[in-house]
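One structure below.
The values are calculated or read from the model by the stated rules, or taken from the named source; none is laboratory data. Keep in mind that what you see is a predicted model, and the values were worked out from it rather than measured. In this analysis, Cβ positions are derived from the backbone assuming ideal geometry, glycine residues included, and neighbour counts consider all displayed protein chains.
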2 protein chains.
Amino acid sequence: MVRHGSTPERPPPRAARLGEIQPFHVMQLLNRARELEARGRDIVHMEIGEPDFPTAGPLVSAAVDSLHRGNTGYTPAGGLPTLREAIAGHYAESSGVDVPAERIFVTPGASGALMVAMALLLDSGQRVLLPDPGYPCNRNFVRHLDGVPVSVPVAAETGFQPTLADLERYWHEDCVAAIVGSPANPTGTVMALSQLAAVRDWLVARGAALVVDEIYHGLTYGVDLRSALAVRDDVFIVNSFSKYFGMTGWRLGWLVVPPGYEGAAMRLAQNLYIAAPTPSQHAALACFTLQARTEFEARRQLFLERRDFLMPALEELGFGIPARPEGAFYIYADCGALGWDGATLSTRLLEEAGVAITPGLDFGSNGTDRFVRLAYTSSLERLHEGVRRMRAWLAS
Amino acid sequence: MVRHGSTPERPPPRAARLGEIQPFHVMQLLNRARELEARGRDIVHMEIGEPDFPTAGPLVSAAVDSLHRGNTGYTPAGGLPTLREAIAGHYAESSGVDVPAERIFVTPGASGALMVAMALLLDSGQRVLLPDPGYPCNRNFVRHLDGVPVSVPVAAETGFQPTLADLERYWHEDCVAAIVGSPANPTGTVMALSQLAAVRDWLVARGAALVVDEIYHGLTYGVDLRSALAVRDDVFIVNSFSKYFGMTGWRLGWLVVPPGYEGAAMRLAQNLYIAAPTPSQHAALACFTLQARTEFEARRQLFLERRDFLMPALEELGFGIPARPEGAFYIYADCGALGWDGATLSTRLLEEAGVAITPGLDFGSNGTDRFVRLAYTSSLERLHEGVRRMRAWLAS
């Protein structure tokens, strides 16, 4: 292509954050898996953080009906009032807590929720505490605002969830928030409500806020997990319709803000994204029907069966699972005893055994090189096949 | 509600930007208009920046078909490859320019595009040049990253578009970009390609980038406007499926990045929003069919008729229209000669005449208090009614 225009005297601008926002290892792996599939190789996918179910029928029907009624314009910036009320009702039912709809903002994915939360709290140069290992995008939302993500190493002994002593060690007066996940990615571990309350109290006393990523709420197995809102009214809650509700591609989530942040959150929503997608919001209204809930619970049961197969199967192969995963659809497994680091194991399993998993390195630097994350977002049959291939490869 | 937890020793954190991101006057006005309507008043809406047409049938059908085929998962972060190719084809057809699909990123609305562009270019404390009057969210995208939006007053004589002399006056070595709109909001004016090229050359020589907001492209009347890409390959282009393509609520836009920014843009997309909404992307694929284009052109013809009615009608009422609007669906009208400032006129017309318009103050501080913006996003019949009401009110 011909380049027009004058020759620049100075190089083109590039923001400093670009050097800090690194690609995920799993993306390269995913691309390689697709290449192999394009050449006819069969790959068992245990790397993907997306449920393998299509969106449930009642939700699709609700979207289609709404489209046929001509609902294609913007909604209010905070979301459809009926959807905000439905989410408030969901908290009443699932967590026994009364959250005013005015504090609930429907967002373009949990991404939009995290973006607004960070924009409410964080100035450039300020710090946010993040457990390591943890969800890798979170630190990049901090870097996006030229903030400083502070990795807080967390131990298997405390379920890879931060203790007050962990936070104390990395505290700095420039800290404005901590983001914790429960159930967490990549570990699938949950944080007791009493611990969430203690962390909130510790932060609030220091003028910082607690942000709880609850996007895997609803996907717990054998534990009954209420929202952090059940014990503290003034935490920021990030949630999503992607996981339990199975709406990944619709890009819909929500943010609950503490009292006093409603006006600022609304102004940020108006400016940063105008409103969440309208068809998605109409689909989401059907999430709270009995028919949809029955479907979601059936799917949760399938995830439970998969976890209950995969966890002992991995241990039998020699993986260590130092903290029991009780939610989400991930197992964070130590491959050190197998004689492999996570990155090499991931690459070789893909190339030589046709099994795609995620290296722990994507989730931080706290011993993550010894770990891999396995997602049970494939059918039980495919998971059996994946385990069979890993067993054969490890034995060879 | 009972507040749990300890009493804070320090106040809760609030980012400094919250003091700078102000609500739009038009929002208050819109809420008041809805209140009046709820009480039974009839309001002529000339304040809304959203086409009054529902999304075209072929697009809705494409979305519904795709949903029924189960396309509800994430797309790649850059967008559906077929959609990126279709947009590249659109540039070839509409602007005679070859843009590689790899440089086109499908985004959650033009908002997502502007967010990625700013994240690529702007560090905290750096400056972005913005014409005043101009689209008010743009300065807030700069503030979002703790950047400094620099208002560049632009004159009616140059169509409210910046000249090199205008930019020179506000240049500072911390400037990394200028954002210009063509067709522009609120003025509806377009910028000649030769001028866009000159502005790009001037910026690039100084190590800054040109971002062109082309979200109203396609909606021009009597002028044939090609993309800035037709004259310069290395500008950032923000575009949207909302306006010409009539997809507001679907939240879909795109960003074209200069060569060399593709990798960083992809990483930002993966982190900041994962992907644009999938149903919206499948709907958008139908935008480039003959059937849809015929519909879009018929709608453009209606907008043209509305402008050609409203512009002389406003002048006859005593409004000044110092720069001819040739695109978008806005008229930026001076009400000074009528003896009113824009804010008072907007409030009183709503309360006393049942006509909703936007005060110029929302678009900057460069003489904007003398102006109002009228959107021709209502039917010709309703615009007639609005003009009739304004005439009666002004005469009373």
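Here A:GLY89 passes the criteria (1) within 16 Å of A:VAL238 (Cβ to Cβ); (2) out of contact with any Pro (no Cβ under 9 Å at 6 or more places or on another chain) except the one numbered (1). When A:ARG34 is tested against (1) farther than 30 Å from B:GLY49 by Cβ; (2) buried (at least 21 other Cβ atoms within 10 Å of the Cβ), exactly one condition is not met: (2). Has region A:310-319 got at least one residue that is free of Cβ contacts under 8 Å to residues at least 60 places away in the same chain, assigned to a loop (DSSP other than H, G, I, E, B), outside the structural domain of A:LEU122 (by TED's automatic domain parsing) and surrounded by 16 or more Cβ atoms within 10 Å (Cβ to Cβ)? The answer is yes, given that some residue of region A:310-319 is free of Cβ contacts under 8 Å to residues at least 60 places away in the same chain, assigned to a loop (DSSP other than H, G, I, E, B), outside the structural domain of A:LEU122 (by TED's automatic domain parsing) and surrounded by 16 or more Cβ atoms within 10 Å (Cβ to Cβ).
Listed by position, the helices (runs of 4 or more DSSP H) contained in region B:123-221 that have at least 3 residues being free of Cβ contacts under 8 Å to residues at least 60 places away in the same chain, more than 12 Å from every other protein chain (Cβ to nearest Cβ) and under 21 Å from the mean Cα position of the chain (by Cα) form an empty set. Within region B:155-173, does at least one residue satisfy the condition of being crowded, with 24+ Cβ neighbours inside 10 Å and touching a Ser or Thr at 6+ places or on another chain (Cβ under 8 Å)? Yes, region B:155-173 contains at least one residue that is crowded, with 24+ Cβ neighbours inside 10 Å and touching a Ser or Thr at 6+ places or on another chain (Cβ under 8 Å). When we screen A:GLU102, A:GLU93, A:GLU85 for residues that are acidic (Asp, Glu) and in contact (Cβ under 8 Å) with a residue 40 or more places away in the chain, the only hit is A:GLU102. Being in contact with a Phe, Trp or Tyr (Cβ under 9 Å, 6 or more places away or on another chain), β-branched (Val, Ile, Thr) and outside any loop (DSSP other than H, G, I, E, B), is that true of even one residue in region B:345-356? Within region B:345-356 (the criterion being in contact with a Phe, Trp or Tyr (Cβ under 9 Å, 6 or more places away or on another chain), β-branched (Val, Ile, Thr) and outside any loop (DSSP other than H, G, I, E, B)), the answer is yes, since at least one residue qualifies.
In region B:357-376, of all residues being of a type outside the set (Gly, Ala, Ser) and assigned to a helix (DSSP H, G or I), the one that is nearest to B:GLY318 (Cα to Cα) corresponds to B:ARG370. If you go through region A:235-251 and keep only what is in contact with a Phe, Trp or Tyr (Cβ under 9 Å, 6 or more places away or on another chain) and not in a strand (DSSP E or B), you end up with A:PHE241, A:SER242, A:LYS243, A:TYR244, A:PHE245, A:GLY246, A:MET247, A:THR248, A:GLY249, A:TRP250, A:ARG251. Within the option set B:ALA197, B:ALA192, B:ALA155, being modelled with pLDDT of 95 or more and under 19 Å from A:PRO12 (Cα atoms) holds for one residue only, B:ALA197. Against the test of being buried (at least 24 other Cβ atoms within 10 Å of the Cβ) and under 17 Å from the mean Cα position of the chain (by Cα), the options B:LEU255, B:LEU272, B:LEU268 yield a single qualifying residue, B:LEU255. Scan region B:342-354 residue by residue and report those that are under 16 Å from B:GLY318 (Cβ atoms) and either surrounded by fewer than 18 Cβ atoms within 10 Å (Cβ to Cβ) or not assigned by TED's automatic domain parsing to the domain that holds B:ARG389 (or both). Selection gives B:THR344, B:ARG348. Checked against (1) touching a residue at least 24 places away in the same chain (Cβ under 8 Å); (2) on the phi < 0 side of the Ramachandran plot; (3) not aliphatic (A, V, I, L, M), B:GLY364 passes all but a single condition, namely (2). The condition (being more than 9 Å from chain A (Cβ to nearest Cβ), assigned to a loop (DSSP other than H, G, I, E, B), crowded, with 22+ Cβ neighbours inside 10 Å and at pLDDT 95 or above) is satisfied by just one residue among B:GLY40, B:GLY79: B:GLY79. Taking the conditions exactly as written (part of a helix (DSSP H, G or I) and small (Gly, Ala, Ser)), does A:ALA88 satisfy them or not? Considered against the rule, which asks whether it is part of a helix (DSSP H, G or I) and small (Gly, Ala, Ser), A:ALA88 comes out as yes.
Here B:ALA86 does not fit the description of being small (Gly, Ala, Ser) and either closer than 17 Å to A:LEU18 by Cα or facing another protein chain (nearest Cβ under 10 Å) (or both).
Across region B:78-94, a minimum of one residue is classified as of a type in the set (Lys, Arg) and under 23 Å from the mean Cα position of the chain (by Cα).
Quick one: would you say A:TYR91 is aromatic (Phe, Trp, Tyr), more than 30 Å from B:PHE141 (Cβ to Cβ) and more than 9 Å from every other protein chain (Cβ to nearest Cβ)? Yes.
Look at region A:238-255: where a residue is more than 11 Å from chain B (Cβ to nearest Cβ) and a partner is modelled with pLDDT under 95, sitting 6+ places away or on another chain with Cβ atoms under 9 Å, you get A:LYS243/A:GLY49; A:LYS243/A:GLU50; A:LYS243/A:PRO51; A:TYR244/A:PRO51.
Residues checked against (1) at the interface with another protein chain (Cβ under 10 Å from one of its Cβ atoms); (2) in contact with a Pro (Cβ under 8 Å, 6 or more places away or on another chain); (3) within 30 Å of B:GLU157 (Cα to Cα); (4) of a type in the set (Val, Ile, Thr):
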{"position": "B:ALA265", "(1), (2), (3), (4)": "yes, no, no, no"}
{"position": "B:ILE274", "(1), (2), (3), (4)": "yes, no, no, yes"}
{"position": "B:PRO279", "(1), (2), (3), (4)": "yes, yes, no, no"}
{"position": "B:GLU297", "(1), (2), (3), (4)": "no, no, no, no"}
{"position": "B:LEU310", "(1), (2), (3), (4)": "no, no, yes, no"}
{"position": "B:GLU315", "(1), (2), (3), (4)": "no, no, yes, no"}
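Of all residues in region A:267-290, none are at pLDDT 95 or above, over 28 Å from A:PRO54 (Cβ atoms) and part of a strand (DSSP E or B). Residue-level analysis places B:PRO183 outside the set of residues that are surrounded by 19 or more Cβ atoms within 10 Å (Cβ to Cβ), over 23 Å from B:VAL257 (Cβ atoms) and not small (Gly, Ala, Ser). How do the pairs read when you match residues in region A:328-348 that are under 11 Å from A:PHE371 (Cβ atoms) with residues anywhere that are basic (Lys, Arg) and surrounded by fewer than 24 Cβ atoms within 10 Å (Cβ to Cβ), using Cβ under 7 Å and keeping only pairs 6 or more apart or on different chains? Correct list of pairs: A:ASP334/A:ARG370; A:CYS335/A:ARG370; A:GLY336/A:ARG370; A:ASP341/A:ARG370; A:GLY342/A:ARG370. Taken over region A:48-76, the residue count meeting the criterion of being more than 23 Å from the chain's Cα centre (by Cα), within 9 Å of chain B (Cβ to nearest Cβ), in contact (Cβ under 8 Å) with a residue 12 or more places away in the chain and not in a helix (DSSP H, G or I) is 5. In region A:382-396 there is no residue that is in contact with an Asp or Glu (Cβ under 8 Å, 6 or more places away or on another chain), touching a residue at least 60 places away in the same chain (Cβ under 8 Å) and either acidic (Asp, Glu) or assigned to a helix (DSSP H, G or I) (or both). Could you tell me how many of the residues in region B:293-333 are among the acidic types (Asp, Glu) and under 21 Å from the mean Cα position of the chain (by Cα)? The number of residues fulfilling the criteria is 2. Number of residues in region B:247-263 that are within 25 Å of B:TYR376 (Cβ to Cβ) and in contact with a Leu (Cβ under 8 Å, 6 or more places away or on another chain): the value is 1. Of the residues making up region B:103-122, at least one is part of a helix (DSSP H, G or I), crowded, with 19+ Cβ neighbours inside 10 Å, assigned by TED's automatic domain parsing to the domain that holds B:ILE237 and of a type in the set (S, T, N, Q).
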